[in-house]
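Novice: Let me begin by handing over the structure; questions about it come next.
The values are calculated or read from the model by the stated rules, or taken from the named source; none is laboratory data. The structure displayed is predicted, hence computed values, not measured ones. Note that each Cβ is placed from the backbone with ideal geometry, even for glycine, and that neighbours are counted across all protein chains shown. Areas reflect the complete protein model, heavy atoms only, side chains present, ligands, DNA and RNA absent. Shrake-Rupley method; radii C 1.70, N 1.55, O 1.52, S 1.80 Å.
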Amino acid sequence: MKIHLVINNELEETEIHIHAKEYNEQIEQLMRQLQSTQVSKMIDGYLKQEIHMLKIDEIYSIYADGSKVYLQTEEQEFEAKKKLYELEEQFAKDFVRVNKSTLINLNKIASIQLATIGTTQVLLDNGVSIHISRKYLKELKVQLGIGRGY
């Protein structure tokens, strides 16, 4: 595979062109990688009659309460129109599930608090404490690169 980079000051945005003899598994994988980096780092949050475009790095946690899903920022909570599992898939690089109904932003973790036996909490930068289920604790440690084997 050959890679060419052409710098053109007249372009308004970056363009990627792929020239291939045939469409194969390698091209398909390349396309998927490029598309995954294109995934929006913003999400629509709803508050009353307003739609707010929220940056992913502004969101501390995403949680489900009944049939509704909420996006928690520093100041407010916005309703999301997607299901929790859809948001978990969409933002897998930035968020990790810590219990059945909550995802947290990995970049907003202040500390992990080990209390009494079996009770673990994560403290976010905004002061909110969230329970971590034992079922999800191992994945959180893997995502953070902590614990045994690291």
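Novice: Mean shadow of the range 93-150, computed from the convex hull of its alpha carbons, in nm²?
Specialist: On the way: hull surface 16.1 nm².
Computing the convex hull of the Cα atoms and averaging its projections yields 4.0 nm².
Novice: Another one. Rank-order 120-127, 58-65 by packing density, defined as the average count of other C-beta atoms within 10 Å over each peptide's residues, highest first. Walk me through the intermediate numbers first.
Specialist: Values: 120-127: 15.5, 58-65: 19.5.
Ranked from most to least packed, the peptides come out as 58-65, 120-127.
Novice: Give the accessible surface of the chain per residue, rounded to a whole number of Å², with probe radius 1.4 Å and ligands, DNA and RNA excluded. The partial results should precede the final answer.
Specialist: On the way: 11440 Å² over 150 residues.
Heavy-atom accessible area per residue stands at 76 Å².
Novice: Another question, then. Using only Cα atoms and rounding to the nearest 10 degrees, what angle (0 to 90) does helix 134-144 make with the longest principal axis of the chain?
Specialist: Around 50 degrees separate the two axes.
Novice: Let me ask something else about it. Go through TYR85, ILE59, GLN72 and say which Cα lies farthest out towards the positive end of the charge dipole of the range 43-88; charges sit on Cβ, +1 for Lys and Arg, -1 for Asp and Glu.
Specialist: Of TYR85, ILE59, GLN72, it is TYR85.
Novice: If r is the Cβ-Cβ distance from GLU12 to SER101 and R0 is 41 Å, what FRET efficiency results, to the nearest 0.05? Before the final figure, lay out each step's value.
Specialist: Numbers: r = 42 Å, r/R0 = 1.04.
Computed FRET efficiency for GLU12 and SER101: 0.45.
Novice: Calculate what fraction, in whole %, of the accessible area of the chain sits on carbon and sulfur atoms when a 1.4 Å probe is rolled over the protein chains. Working shown, then result.
Specialist: On the way: 5590 of 11440 Å².
The computed percentage sits at 49.
Novice: Students often forget the sequence filter, so: which lysines lie under 21 Å Cα-Cα from LYS2 once same-chain residues fewer than 8 apart are removed?
Specialist: Straight-distance partners of LYS2: LYS21.
Novice: Just to be sure I understand the model, the point goes 7 Å from the Cα along the line to the Cβ. What's the resulting GLU89 to THR119 distance in nm?
Specialist: The modelled label-to-label distance comes out at 3.7 nm.
Novice: Which of the lysines could be linked to LYS41 by a straight reach, that is with a Cα gap under 27 Å, when you skip same-chain ones fewer than 8 residues away?
Specialist: LYS55, LYS68, LYS81, LYS82, LYS83, LYS93, LYS100, LYS108, LYS138, LYS141
Novice: May I ask for the Kirkwood hydrodynamic radius of the range 38-106, worked out over all distinct Cα pairs and given in angstroms to one decimal?
Specialist: 11.9 Å
Novice: When the dipole is taken about the Cα centre of the range 35-107, and only Lys, Arg (+1) and Asp, Glu (-1) are charged at their Cβ, what size is it in debye, to the nearest 20?
Specialist: Dipole about the Cα centre, nearest 20: 280 debye.
Novice: Which order, highest average first, do 66-72, 139-145, 27-33, 12-18 follow once you tally other Cβ atoms within 10 Å for each residue and take the mean per peptide? Mind dumping the intermediate values first?
Specialist: Numbers: 66-72: 15.9, 139-145: 14.1, 27-33: 11.7, 12-18: 6.7.
Per-residue mean Cβ counts within 10 Å order the peptides as 66-72, 139-145, 27-33, 12-18.
Novice: Still on this model: What label, among (1) 23, 17, 14; (2) 35, 22, 15; (3) 31, 18, 12, belongs to semi-axes √(5λ) of the Cα gyration tensor in Å computed from the structure on display?
Specialist: The value computed from this structure is option (2).
Novice: Sticking with this structure for a sec: Quick one: which residues, 5 or more positions from ILE132 or on another chain, have an amide H under 5 Å from its amide H? H modelled 1.01 Å from N in the peptide plane, none for Pro or chain starts.
Specialist: THR120, GLN121, VAL122
Novice: Next question. If you fit an axis through the alpha-carbon atoms of helix 25-37 and take the longest principal axis of the Cα set of the chain, what angle between them do you get, 0 to 90°, nearest 10?
Specialist: 50 degrees
Novice: Assigning unit charges at the beta carbon (Lys, Arg +1; Asp, Glu -1) and nothing else, what dipole magnitude in debye, to the nearest 20, does the range 1-144 show about its Cα centre?
Specialist: Working: 18 positive and 22 negative charges, 177 e Å.
Magnitude of the dipole: close to 840 debye.
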